[in-house]
């Protein structure tokens, strides 16, 4: 009896791979799930083994230090990934450190806005605490006109 069920199971195995849910085959559903997994890592700081990386639409960028990782991380924090997830991301140019990056200030009518420039992208600094943690002050920021600032694409 067991032999009969085993034979039936083996005979149906090729059809299971072609199993459809609505108009999607099982293999298509697996591909969509994998894409979603990659998307959840977009614009995040990840940690693989002892190294930190920032992920964006270009790929994964190695980060030089924890200060840069802390600055770039989202509300999700630093996400530890396994080798399989890590290897699906394309290696891209490394980031420079926030401690040596260009710091700029852009003024509008009523206030100043502070940014760090990493790999030709501007990243908004939303807290003076961050600036103070870097050992920087207002005098470390270069005041630039809006039109010059707009040449940088926006990071995050």
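Can you pull out every residue in segment 120-133 that is surrounded by fewer than 18 Cβ atoms within 10 Å (Cβ to Cβ) and in contact (Cβ under 8 Å) with a residue 40 or more places away in the chain? Residues satisfying the conditions are 130, 133. Scanning segment 97-129 for residues that are outside any strand (DSSP E or B) and within 19 Å of residue 52 (Cα to Cα) yields 97, 98, 99, 100, 101, 119. Taken as a whole, segment 50-63 holds at least one residue that is surrounded by fewer than 17 Cβ atoms within 10 Å (Cβ to Cβ), more than 19 Å from residue 116 (Cα to Cα), modelled with pLDDT of 95 or more and outside the structural domain of residue 128 (by TED's automatic domain parsing).
The values are calculated or read from the model by the stated rules, or taken from the named source; none is laboratory data. No experiment lies behind these values; they were computed from the predicted model shown. Virtual Cβ from ideal backbone geometry, glycine too; neighbours counted across all protein chains shown.
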